[in-house]
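All of the numbers you see were taken from the coordinates with simple rules; none came from a lab. Keep in mind the model is a prediction, meaning the values are calculated, not measured. Cβ placement follows ideal geometry from the backbone for every residue including glycine, while neighbour counts extend to all protein chains displayed.
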Amino acid sequence: MTSHRPLYAAAVFTDEEPRSSIHGFVAKRTRFEDITGTTQAKQEFVKLPEELLQWLRAEGFRELGTYRESLFGFPLPWLPGVSFVDPTGTTRVSVRYNESMAYSPRGVMFTFFTYFDEGSAVVTWCVDSPSTKSTGWLDSLGTTGSIAEDYARHRRHVEQRAKRGPVPVHVESMADIEATYFHYFRGVLPDDKAMEVFQAWLTFRLVLPAIFIGGLIYIWQLVS
């Protein structure tokens, strides 16, 4: 029986060309930082409910590390995520406990990710109706209300896509996670969503200087 060496995400996606100039623009302005082993990482882990951790262990998931991300950088916050990979080495789940009213849902937030060697992906979000819709490259799935059912359905979609030829890539390190993170923006993000992100970035860059200048003028008027 012939054994095949696994394809690792860092080898497949690092330094790839973006699908379009907009995708490249967005990818260059996203932020990703490995914070594994830091105080913040430990704080994020202890927030996770024991019930969730027990389910992950029962399914054979193992912890890979903790990262934080920011779509544009300042003024948007850095969002943390604790990552685990399933026994296949190809489906990763990022989880965090959300205590902020600014994001939904409150409590446990999670996302399952599986990427393929030709650039496509299956992503399952913890919301009922993901704002990022499915395309030919992306199976974008919402939650069923149960993380266990979401995982089972996610794996079925992975198997269906693999039957058409694409090979799931392995995510075994933080370098692999980082590679898939930027690949999502370079090659998986739907065109309309990439344009929305670009327009939001442009708005931030136009509005913030105006607010800053207006604040300076207001202060000057108060003290003059």
Once you put a point 7 Å from the Cα of residue 98 and another 7 Å from the Cα of residue 117, both along the Cβ direction, what distance in nm separates them?
3.6 nm
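I need the shape label for the range 9-64. Rule: rounded when a/c is under 1.5, else prolate if a/b > b/c, else oblate, with a, b, c from the alpha carbon gyration tensor. Don't jump to the answer; show the numbers that get you there.
Values: a/c = 2.93, a/b = 2.02, b/c = 1.45.
Taking the square roots of the gyration eigenvalues as a ≥ b ≥ c, the range 9-64 is prolate.
Ratio of Rg to Rh for the range 64-182, alpha carbon only, Kirkwood?
Numbers: Rg = 14.1 Å, Rh = 14.9 Å.
Ratio of gyration radius to Kirkwood radius for the range 64-182: 0.95.
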Mean shadow area of the chain over all directions, Cα convex hull, nm²:
15.2 nm²
Put a dot 7 Å past each Cα toward the Cβ at residue 57 and residue 16; how far apart are the dots in nm?
3.5 nm
Can you tell me the relative contact order of the chain? Whole percent, Cα pairs under 8 Å, sequence separation 6 or more.
24 percent
Describe numerically, in nm with one decimal, the distance between label points set 7 Å from Cα along Cα→Cβ at residue 40 and at residue 192.
3.4 nm
As I understand it, the dipole of the chain uses +1 on the Cβ of Lys and Arg and -1 on the Cβ of Asp and Glu, about the Cα centre. Which of 8, 79, 53 lies farthest toward its positive end?
79
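Efficiency by 1/(1 + (r/R0)^6): what FRET value for residue 33 and residue 108, r their Cβ-Cβ distance, R0 = 35 Å, to the nearest 0.05? Working shown, then result.
Details: r = 22 Å, r/R0 = 0.63.
Once rounded, the FRET efficiency stands at 0.95.
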Multiply the residue separation of residue 71 and residue 137 by 0.36 nm, subtract the distance between their alpha-carbon atoms, and state the gained length in nm to one decimal.
21.6 nm
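As a check on your grasp of the helix formula, calculate [θ] at 222 nm for the chain: sum -39500 (n - 2.57) over DSSP H runs of n ≥ 4, divide by the residue count, round to the nearest 500. Before the final figure, lay out each step's value.
Numbers: 7 runs with 91 residues, N = 224.
It comes out at -13000 deg cm²/dmol, rounded to the nearest 500.
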The range 84-208, relative contact order in percent, only Cα pairs under 8 angstrom and at least six apart counted
22 percent
Report, in order of residue number, the helices in the chain meeting two criteria: a C-alpha extent of 27 Å or more along the helix axis, and a mean Kyte-Doolittle hydropathy of at least 0.5; treat each whole DSSP H run as one helix.
191-223
Rounded, prolate or oblate (a/c below 1.5 giving rounded, otherwise prolate when a/b exceeds b/c) for the range 79-148 by Cα gyration tensor:
oblate
